[in-house]
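This report concerns only the one structure given below.
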Amino acid sequence: MFEFLFKRPGDKPGDKPAADGAGAGAQAEPAAPASASQRALQAERLSQVQGDESAAVEFILQCEFSELRLTAAEFVHSPEQLERVHTAMRNTDRRVAKLMQSRLDAHRHREAELRRAQAAVEQAQALLQDALLTPNQVADLDRRWSVISAPELDESFRTTRAALAQRLEAQVSLQRAMIDRLATLRRLALEALPAAELAARLEVLAQEQAEALRAPEHASLPKGLVAEFGVEHQKLLASLHAIEAGQAALAAREAFLAEQQGKPVTELQPDALRKEWNRLPALPAGSTAATAAGAASGDPAGALQRRFDELLASLPQPESRKPKEPREPRPARPAQEGSRREGARQDGGRQRGPDQQFIDNMDAMEAALQQGSLGTAAELDKALKDAREKDHQRGMRLTTQQADRLTHLRAEFKRLSDWARWGGNVSREELIKNVEGLPTQNLAMSELAKKVGSMRDRWKALDSLSGAAPKSLWERFDAACSAAYAPAAAHFKHLADERHGNAARGEKLVEEARNEIARLQSGEADWKHVAGTVQRLRLAWSHLGAIDRKEKKRLDGLFTDALNVLQAPLEEQRKSEMRKREEIIEQAAAIDPHDRHAIDTMRALQQRWQEQARALPLERKAEQALWQRFRAVCDEVFQRRKETMHEADIERRAHEAAKEAISARLEAAAPEVTAATAGKLLRDAAAEWQAIGPVPRAHEARVEKRYHAAVALVQQQLDQARRAAGVAQAGLVRDKLRLVQELEQAVAAPGSSADADWDARWRALPAPDAELERVLRDRFDAALGALHEGREVYAQLLERNRATLLHDLLRVEIGAGIDSGPEFARERLKLQVEVLQSSLKSGQKGSGGKGEGGGSSAQLRALCAMPALVDARTATRIDQLVLRLAREGK
């Protein structure tokens, strides 16, 4: 009844123990035929299975032959039957159990991939229904799908992805059309179009804008462009109204001139004409779009004014009223009468009109206004004012026509100046917008500095062309330029600081070389220290960063001179050391290999060589050449000594055979090694290997190579098993962590519902390592509790921990040797320097150079335990970190 206590795992249910004594041979003879017939029966039964999974499972559970069970296992594929066979064969048939386990793992992996693929498809469908779709969301979706293998859902995802691509194309088309419409508006502001054509084109653009705002993807239009289109459209409408008003005023004045020119000259009165002309509709300032633009080609307003002046000039001028005759003076003496006549003649000369220079300046000013040259017109107007003041002092007066002409020229100059000032302010507004948009263009610092400088030059050019800008515009422009240039200023300051810092380090290196020269000249020479100092100074100098050109030239000269002074005695000392090494080589070559003290003498020479090498290292090339010569002499001595040692050679050959046997045993055991048996196998092999003596020198490398290859093969099999387990573990950790992150996102989202069965989803996922399962479960429970109560406080905690999580993640990536991406290059470099400094400090204290984190596994647990909000990029980085640590077995 206690047979089960003595049953071995390899025993078959049908096996029976052999009988004792003489009867054993009689009973053993029919055993083989019975086993063969039973095997044939079960093989025939297996041939009847032929794809029936249930029958195959029943056959496996009842079959006694392992190869037949393995053949029948090929028909088992459903998870339920795989689990059933695996449970039954786990301790009975390792090959069948391993096959079942691999299929179960593949099935679970496929189910996990399907779940991830279904989640990605649902995310794509949600994005398709979202009113505001951004390219970043689609890019994140593509990255998520790229690591998923689910052919069953490929078609569904491709359909939804194509719809998303169509939406993005529609957004791009809509935005491009918006940019084109805005550019068309700006071109219309610069073109001198007739009022009817301008109105028609504005109407078409307004209709296109309204259709764009009613389009399904109108939410993707930049609000700044929409607002800017409205402002530009309103400006052009105001300009259109001004053009129409100006044309109406021109038509009224044209009609008035035609009417007056048709009347007889005798019926026209100059004063009445002037009053009626001034009562006509004045040209508004906004009408300069129609008049100022045509100044160079005729200026309609100026032509009408000249026609009116010509009309006034053609009329007979009224005689001036004679002055009241003065009372007849008393008769004067002849001398007094002559002086009075001379004074009257002089007074008559002072009452004459302006000189020809004044008239020429008026003509030049008129020509400048017609050509639109406001700067020249301003200078001529100033000259006319100065000449006018001098004429008043001399008593000269302008005629009525000249005064009217001067008044008209100044009015025209003021009108064009106002128009130029308005146009300059519009250009300044556009310039301010361009400067404010510079920070968003991600330009290189040098290009950004050039852009800001060119913007300021354009502002100065506008000041010279259209007058000084209002103070408010200048303050806005200056603030925008300062804000845009701030990153470039900081960058250039940082580069300058780096150059100054590098120069300071160069000065320190030169000073260190001079101090070493002083110690060398004082007789305190440690040649090993001097050689190390020279090598270290050269390396440090080659790693210096950028330095200002003049400073670099000076420091290079100082460093070269100091190094030459320091290296001259060092080279002399090295030549002396080389002569000593040559003597050692000669002494080694003179050793008699048959002398019983040959080995001791050779060891003494080797010890002496090492002492001299430690005292002063030579140049690497010279050191290697001398060492090779010395080693060749030593090998020759030992080789000649070995030729006389036949017994030792026989023993070494026996040792070789024993070591070859160890290597063969390791090679045979490598394919089926497990984590449980690998350690003992390697320890036993290493102990046997160390216990065996030396092998023949000629075969030593080959034997060692085979042994190390066999150990590496065993270790490789062990590492593969560990990596496979680690990858599976990483997948479990990733699924659990993604669920926790999704729950925390739901906690942080204001409108998310708390009715989802999160606990069921947690239980549906397989559990990873016990420690990580506990850490993730605590974080999951905390988030689940906050979802029902205390959501706002927990959401604030999640947001606060975002920066800490990114910092810790970057630190762990540095320790694991994982790339963090170009956007984290600056932070990564800074953190690497901090980690290096911390490692150096801890190494001085005897901590072995380890950081404070205690290893990558502890840091990973800390990352998994930290509740924080993560974006898609951060989640991907955490997944890569988990997979990397799992592959490395950390």
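The values are calculated or read from the model by the stated rules, or taken from the named source; none is laboratory data. Small disclaimer: the values here were computed from a predicted structure and weren't measured. When we count neighbours, we look across all protein chains shown, and the Cβ atoms used for this are built from the backbone with ideal geometry, even at glycine. Protein only, heavy atoms only, side chains kept; ligands, DNA and RNA dropped before computing areas. Shrake-Rupley method; radii C 1.70, N 1.55, O 1.52, S 1.80 Å.
Values for this structure:
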quantity: Under the Karplus curve 6.51 cos²θ - 1.76 cosθ + 1.60, θ = phi - 60°, whole-Hz ³J(HN,Hα) for the stretch 207-219, x wherever Gly or Pro sits; calculated: 5, 4, 5, 5, 5, 5, 6, 9, 5, x, 9, 5, 5
quantity: Gain on full stretching of the segment that runs from residue 457 to residue 78 - 0.36 nm per residue minus C-alpha separation; calculated: 128.7 nm
quantity: Spatially proximal aspartates and glutamates relative to residue 235 (Cα-Cα < 15 Å; intrachain offsets below 8 disregarded); calculated: 191, 203, 244, 429, 430
quantity: ³J(HN,Hα) computed for each position of the stretch 703-715 - Karplus, 6.51 cos²θ - 1.76 cosθ + 1.60, integer Hz, glycine/proline x; calculated: 5, 4, 5, 5, 4, 5, 5, 5, 4, 5, 5, 4, 5
quantity: Computed lengthening from residue 774 to residue 719, 0.36 nm per intervening residue step minus Cα-Cα distance; calculated: 17.2 nm
quantity: Part-to-part distance (alpha-carbon centres) for the stretch 478-503 and the stretch 604-632, which is given in Å; calculated: 53 Å
quantity: For residue 601, solvent-accessible area (1.4 Å; no DNA, RNA or ligand), Å²; calculated: 60 Å²
quantity: Under 15 Å from the Cα of residue 841 - aspartates and glutamates, other chains or at least 8 residues apart; calculated: 852
quantity: Ranked order, 735, 819, 592 - accessible area, probe 1.4 Å, largest first; calculated: 819, 592, 735
quantity: Accessible surface, 1.4 Å probe, highest first, among residues 547, 179; calculated: 179, 547
quantity: Spatially proximal aspartates and glutamates relative to residue 385 (Cα-Cα < 19 Å; intrachain offsets below 8 disregarded); calculated: 355, 360, 363, 366, 404, 412
quantity: Cβ-derived FRET efficiency at R0 51 Å, residue 123 paired with residue 472, nearest 0.05; calculated: 0.55
quantity: ³J(HN,Hα), Karplus 6.51/-1.76/1.60, whole Hz, each residue of the stretch 268-277, x for Gly, Pro; calculated: 9, 10, x, 5, 5, 4, 4, 5, 5, 4
quantity: Length added when fully stretched, residue 498-residue 367, from 0.36 nm per residue minus Cα-Cα; calculated: 41.2 nm
quantity: Flagged links, alpha-carbon separation over 25 Å, of 223/460; 382/414; 451/550; 553/575; 508/550; 275/414; calculated: 223/460; 451/550; 553/575
quantity: Amide N of the stretch 567-581 lying under 18 Å from the label point, which is placed 7 angstrom from the Cα of residue 521 along Cα→Cβ; calculated: 567-571
quantity: 794, 485, ranked by accessible area, largest first (probe 1.4 Å); calculated: 485, 794
quantity: Surface accessible to a 1.4 Å probe, residue 775 within the full protein complex, Å²; calculated: 10 Å²
quantity: Solvent-accessible heavy-atom area per residue, rounded to whole Å², over the stretch 172-248 at 1.4 Å; calculated: 55 Å²
